[in-house]
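As structure tokens, the structure follows; a few thoughts come after it.
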Amino acid sequence: QKEVEQNSGPLSVPEGAIASLNCTYSDRGSQSFFWYRQYSGKSPELIMSIYSNGDKEDGRFTAQLNKASQYVSLLIRDSQPSDSATYLCAVMGTGNQFYFGTGTSLTVIP
Amino acid sequence: DVKVTQSSRYLVKRTGEKVFLECVQDMDHENMFWYRQDPGLGLRLIYFSYDVKMKEKGDIPEGYSVSREKKERFSLILESASTNQTSMYLCASSVFGLGNTIYFGEGSWLTVV
């Protein structure tokens, strides 16, 4: 079983819609959770971090964490073509190890 | 802002050559990492280091070695490059503790011919 699992997609949404990206993790002791955006040919860049159950909002992005269900999600409101990228879910598990999902490819259609 | 610098962005090497990939971070982070990223396989950890002169194997260390002589610098070495090591290599750094994230360099694209 992989430490972090994501649906690889591709996920396509029309411009202006809400994009929903999901991630599950296996280490119940994990404390820190991150979403990275990676444009084609570029390195991952951090867009959100979340540590407590519930929602965390930053502009058009909302991260949601449910530790009981071992589930993290990212919502992108008012999706723009510039949001088209691969989104990586990352989890810092016990022992300060980082685990990454394989990423979900998002395309926002103008 | 945290800056992780990978000095070689694009390299083409011949099979059997020794390859050095250098990485420097400017935020006094204890932890440094080397990943490779291939389509469909995601990020795979090669080696990491929690301190100077310290190294730990990641998931795919075979064919690689590392060196960390100074806290800010972490080098990845391919002793004898092979075509299956053609990939994008990502260096990253972080600090210990809850809430501390991992920051990536811009990546090094290596082609072995």
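Odds and ends about this structure:
- Identity of the residue in the stretch B:11-27, assigned to a loop (DSSP other than H, G, I, E, B) and under 18 Å from B:D51 (Cβ atoms), that ends up modelled with the highest pLDDT: B:D26
- Of the residues examined, B:L45 is one that is within 11 Å of the chain's Cα centre (by Cα) and in contact (Cβ under 8 Å) with a residue 12 or more places away in the chain.
- In this structure, B:T111 does satisfy being assigned to a strand (DSSP E or B), of a type in the set (V, I, T) and either over 21 Å from A:I47 (Cβ atoms) or within 14 Å of chain A (Cβ to nearest Cβ) (or both).
- Residue that is over 15 Å from the mean Cα position of the chain (by Cα), away from chain B (no Cβ under 13 Å) and closer than 13 Å to A:C89 by Cβ, where the choices are A:S12, A:S26: A:S26
- Any hit, the stretch B:12-25, residues being within 11 Å of B:Y89 (Cα to Cα) and within 13 Å of chain A (Cβ to nearest Cβ): yes
Every residue, every condition in (1) facing chain B (nearest Cβ under 10 Å); (2) part of a strand (DSSP E or B); (3) touching an Asp or Glu at 6+ places or on another chain (Cβ under 9 Å), yes or no:
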{"residue": "A:A68", "(1), (2), (3)": "no, no, no"}
{"residue": "A:L88", "(1), (2), (3)": "yes, yes, no"}
{"residue": "A:V91", "(1), (2), (3)": "no, yes, yes"}
{"residue": "A:N96", "(1), (2), (3)": "yes, no, no"}
{"residue": "A:S105", "(1), (2), (3)": "no, yes, no"}
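- The stretch B:81-105, subset assigned to a loop (DSSP other than H, G, I, E, B) and at pLDDT 95 or above, residue nearest to the other protein chains (Cβ to nearest Cβ): B:G105
- Total residues in the stretch B:28-72 satisfying the condition of being within 14 Å of chain A (Cβ to nearest Cβ), not hydroxyl-bearing (S, T, Y) and not in a strand (DSSP E or B): the figure is 10.
- Here B:T15 meets each of (1) farther than 22 Å from A:G103 by Cβ; (2) out of contact with any helix residue (DSSP H, G or I) (no Cβ under 7 Å at 6 or more places or on another chain); (3) not basic (K, R) with one exception, condition (2).
- Residue in the stretch A:39-47 that is touching a Cys at 6+ places or on another chain (Cβ under 7 Å) and part of a strand (DSSP E or B) present: no
- Residue list for the stretch A:6-27, restricted to those being crowded, with 16+ Cβ neighbours inside 10 Å and either touching a Pro at 6+ places or on another chain (Cβ under 8 Å) or closer than 13 Å to A:Y99 by Cα (or both): A:Q6, A:C23, A:T24, A:Y25, A:D27
- Tally of residues being charged (D, E, K, R) and away from chain B (no Cβ under 14 Å) across the stretch A:47-57: 2
- Any hit, the stretch A:71-87, residues being touching a strand residue (DSSP E or B) at 6+ places or on another chain (Cβ under 8 Å) and farther than 26 Å from A:E15 by Cβ: yes
The values are calculated or read from the model by the stated rules, or taken from the named source; none is laboratory data. This is a predicted model, so every value here is computed, not measured. Every residue, glycine as well, gets a Cβ built from its backbone with ideal geometry; the counts of neighbours run over all protein chains shown.
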